[in-house]
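The values are calculated or read from the model by the stated rules, or taken from the named source; none is laboratory data. Just so you know, these numbers come straight off a predicted model, no measurement behind them. Neighbour counts run over all protein chains shown; Cβ positions are idealised from the backbone, glycine included.
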Amino acid sequence: MAPGAPVGVYDSGFGGLTVLRELRRSLPALDVVYLGDSGRAPYGGRDADTVLDFAEQCVERLFGEGCQVIIVACHTVSCVALRHLQRRYGSAARRVLGVTIPAAEAAVAQTRGHIGFLGTARTVASHTFRTEVWKLAPQVAVSEVAAPLLAPLVEEGWEETGIARLAVQRYLAPFAGIDTLVLGCTHYPLLARAFRALVGPEIAVLNPAPEVAARFAAWRQRHPGLAPEGTGRLRILSSGDPARFARSAARFLGEEPPPIERVAERNGRLAPCPDGSDPVGQIVRPAEA
């Protein structure tokens with residue numbers, strides 16, 4: 001493997017930048033290529049086959065960028081498509097890791113017996129988090145609630161508004177008797193202040209991102225060479241509008257992002273799109289020969 005091969009971090013949009021933020025804190029010398037599929041976000045309301053299709057395209061793009069290890073920093077993809085990605089692309093030289101198992105491990109270590117899990121509709125419908133918790137601790141109760149409005153509110157920059165607080169309050173209402181609340185979408189850490197204010201001090205609010213970073217650091221020690229030291233270089237690819245991505249990225253990442261590189265779907269694959277332009281008006285594909 002060439003020295004400095006970057007680690008890929010993949011998310012459906014901006015949210016995975018909260019995981020990347022923790023990775024850069026823990027492993028500042030790591031070279032990273034981040035891919036946010038913001039042009040096709042959100043994934044949370046998509047059917048499972050579409051999530052698999054998008055996930056395949058994104059990890060193939062990151063492998064094409066020279067990554068040997070990819071962290072799926074999206075709970076929806078990690079809950080629905082991770083096993084598929086690992087079986088299709090995994091090998092001794094290429095790995096695909098997720099966020100669900102680290103989140104489950106951290107929740108089990110912290111809970112007193114009843115975990116609440118908040119995520120997108122597709123994440124919750126998969127019940128993957130609950131399954132992973134019960135593998136570790138079958139006696140622990142798990143309550144899951146879908147919160148489809150929260151990620152769009154965060155993407156609009158409304159996390160400190162009364163509307164966001166009301167939405168959080170509404171989604172918390174079905175939980176009863178939990179002692180630990182897992183923020184099962186990488187957008188939700190930006191709403192942590194509202195969550196903590198509304199659940200009160202008796203309920204722990206768990207952001208899995210620091211746990212993901214800590215477990216990846218330990219994983220690197222067990223797999224030397226797959227994610228080598230670099231210079232801390234960061235590249236960010238987006239399938240959406242680069243200017244919009246750049247405006248929002250700093251809130252999630254905690255630092256100013258590098259110039260955003262555009263990728264777009266071409267013939268069923270994500271490809272570099274250097275000019276960043278999209279056609280306007282009526283689009284007509286050429287007739288097949």
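Things worth noting here:
- Residues satisfying the stated conditions in segment 220-241, i.e. hydrophobic (A, V, I, L, M, F, W, C) and modelled with pLDDT under 95: LEU226, ALA227
- Only a single item in (1) assigned by TED's automatic domain parsing to the domain that holds ILE115; (2) surrounded by fewer than 16 Cβ atoms within 10 Å (Cβ to Cβ); (3) of a type outside the set (S, T, N, Q); (4) in contact (Cβ under 8 Å) with a residue 40 or more places away in the chain is not met by PRO189, and it is number (2).
- Tabulated pairs, segment 84-101, first within 20 Å of PRO224 (Cα to Cα), second assigned to a loop (DSSP other than H, G, I, E, B), C-beta under 7 angstrom, 6+ apart or interchain: ALA93/GLN68; ARG94/GLN68; ARG95/LEU226; VAL96/GLY90
- Residues that are among the small types (Gly, Ala, Ser) and either surrounded by 24 or more Cβ atoms within 10 Å (Cβ to Cβ) or farther than 14 Å from PRO210 by Cβ (or both), drawn from segment 12-26: SER12, GLY13, GLY15, GLY16
- From the list VAL280, VAL182, the lone residue that is of a type outside the set (S, T, N, Q) and either closer than 22 Å to THR123 by Cα or in the same structural domain as GLN110 (by TED's automatic domain parsing) (or both) is VAL182.
- Among the numbered conditions (1) within 25 Å of SER248 (Cα to Cα); (2) in contact with a helix residue (DSSP H, G or I) (Cβ under 7 Å, 6 or more places away or on another chain), the only one that CYS58 does not meet is (2).
- Of the residues screened, PHE14 is one that is in a loop (DSSP other than H, G, I, E, B), of a type in the set (Phe, Trp, Tyr) and touching a residue at least 12 places away in the same chain (Cβ under 8 Å).
- Some residue of segment 91-100 being under 17 Å from ALA213 (Cβ atoms), in a helix (DSSP H, G or I) and not small (Gly, Ala, Ser): yes
- Applying the criterion of at least 1 residues that are within 23 Å of GLY8 (Cβ to Cβ) and acidic (Asp, Glu) to the helices (runs of 4 or more DSSP H) found wholly in segment 160-253 leaves 209-222.
- Filtering segment 56-82 to residues that are part of a helix (DSSP H, G or I) and more than 13 Å from LEU35 (Cα to Cα) leaves HIS75, THR76, VAL77, SER78, CYS79, VAL80, LEU82.
- Out of GLU261, GLU256, GLU265, one residue alone is in a loop (DSSP other than H, G, I, E, B), among the acidic types (Asp, Glu) and either over 25 Å from ALA41 (Cβ atoms) or not assigned by TED's automatic domain parsing to the domain that holds GLN110 (or both). It is GLU256.
- Selection of segment 139-184 for residues being closer than 14 Å to ALA107 by Cβ and either basic (Lys, Arg) or exposed (fewer than 13 other Cβ atoms within 10 Å of the Cβ) (or both) yields only GLN139.
- Within segment 108-138, considering residues that are assigned to a helix (DSSP H, G or I) and among the aromatic types (Phe, Trp, Tyr), the one surrounded by the most Cβ atoms within 10 Å (Cβ to Cβ): PHE129
- Here is the figure for segment 18-33: residues that are touching a Pro at 6+ places or on another chain (Cβ under 7 Å) and of a type in the set (Ser, Thr, Tyr) total 1.
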